[in-house]
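A quick write-up on the structure given underneath.
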Amino acid sequence: MIETILRRRSIRGPYHDRPVPRGHVELVLASGLAAPSSKNAQPWRFHVLETVGLRTRIADAVDRSSGIEEYVPHDPRTGNPSPHWSSTVLESSAVLRTAAVAIAIENRGVFSGGRATLYAASHEALIGNLTAYGFETMGLGTALENMWLAANSLGIDAAFLGDLVIAEGEARTLLGIEGDLMGVLAMGYSLEGPAPKQAPPPVTQTDSPVVWH
């Protein structure tokens, strides 16, 4: 298990056209469903994108989206796109097109009510609800990591595509999503080996990531 964790990489294709066996996909999903979550609320719903046509329609919607170049983390103090990051939206849609299968991750908003509720909340209500939303995303993150590691243990390469949320409106309609689209785990068998592991951006590492007390 530790070896699998330490060798995990984001493999963004290109992927071989070889399909991922249905049984392997089911094991990946079972691993996600086994993840821990606050209050055992299980805030997730997983949408399996098996057909090429569906993945292509979502990728097309992503490519048609407005504001692609500005779709990066924003500075919360100014509301402006952060100069430290560049958009990878088109790269992510290209990955989805070549993936053998993908899993879209929905946050059902069991605590927070989802992003729409947060947008409409008063300042007082928002303070507590942001914490609740954090609990949801922590659970979703553990489910994502479980699925990713399960895929890798089965010899399947994978990458998480958060950028696809830029086309959330069309994706929600295509997939029947009622909550928030959080991103897509693309999976397949890479035609190339993993790229060398990269150090995190200096802007995010102003001090040691581990503190011993």
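The values are calculated or read from the model by the stated rules, or taken from the named source; none is laboratory data. Predicted model, so just to flag it, every value in this text is computed and none were measured. Here the Cβ is made from the backbone with ideal geometry for all residues, glycine too, and neighbour counts use every protein chain on show. These accessible areas exclude ligands, DNA and RNA; they are computed on the full protein's heavy atoms, side chains included. Shrake-Rupley method; radii C 1.70, N 1.55, O 1.52, S 1.80 Å.
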Among (1) open to solvent by 40 Å² or more (accessible area, probe 1.4 Å); (2) more than 21 Å from Ala167 (Cβ to Cβ); (3) outside any helix (DSSP H, G or I); (4) touching a residue at least 24 places away in the same chain (Cβ under 8 Å), Leu27 falls short only on (3)
Checked Gly79, Gly67 against criteria (surrounded by fewer than 16 Cβ atoms within 10 Å (Cβ to Cβ), in contact (Cβ under 8 Å) with a residue 60 or more places away in the chain and either out of contact with any strand residue (DSSP E or B) (no Cβ under 8 Å at 6 or more places or on another chain) or in a helix (DSSP H, G or I) (or both)); the one match is Gly67
Query - Test result for Val48, open to solvent by 40 Å² or more (accessible area, probe 1.4 Å), closer than 25 Å to Phe135 by Cα, touching an Asp or Glu at 6+ places or on another chain (Cβ under 7 Å) and not polar (S, T, N, Q) - result: no
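Filter the range 97-122 down to residues that are under 22 Å from Glu178 (Cα atoms) and touching a strand residue (DSSP E or B) at 6+ places or on another chain (Cβ under 7 Å), then give me how many there are. Talk me through it step by step, then tell me what you get.
Residues of the range 97-122 that are under 22 Å from Glu178 (Cα atoms), as a first pass: 101-121.
Narrowing the set further to residues that are touching a strand residue (DSSP E or B) at 6+ places or on another chain (Cβ under 7 Å) leaves 101-109, 114-115.
Adding up the residues that qualify gives 11.
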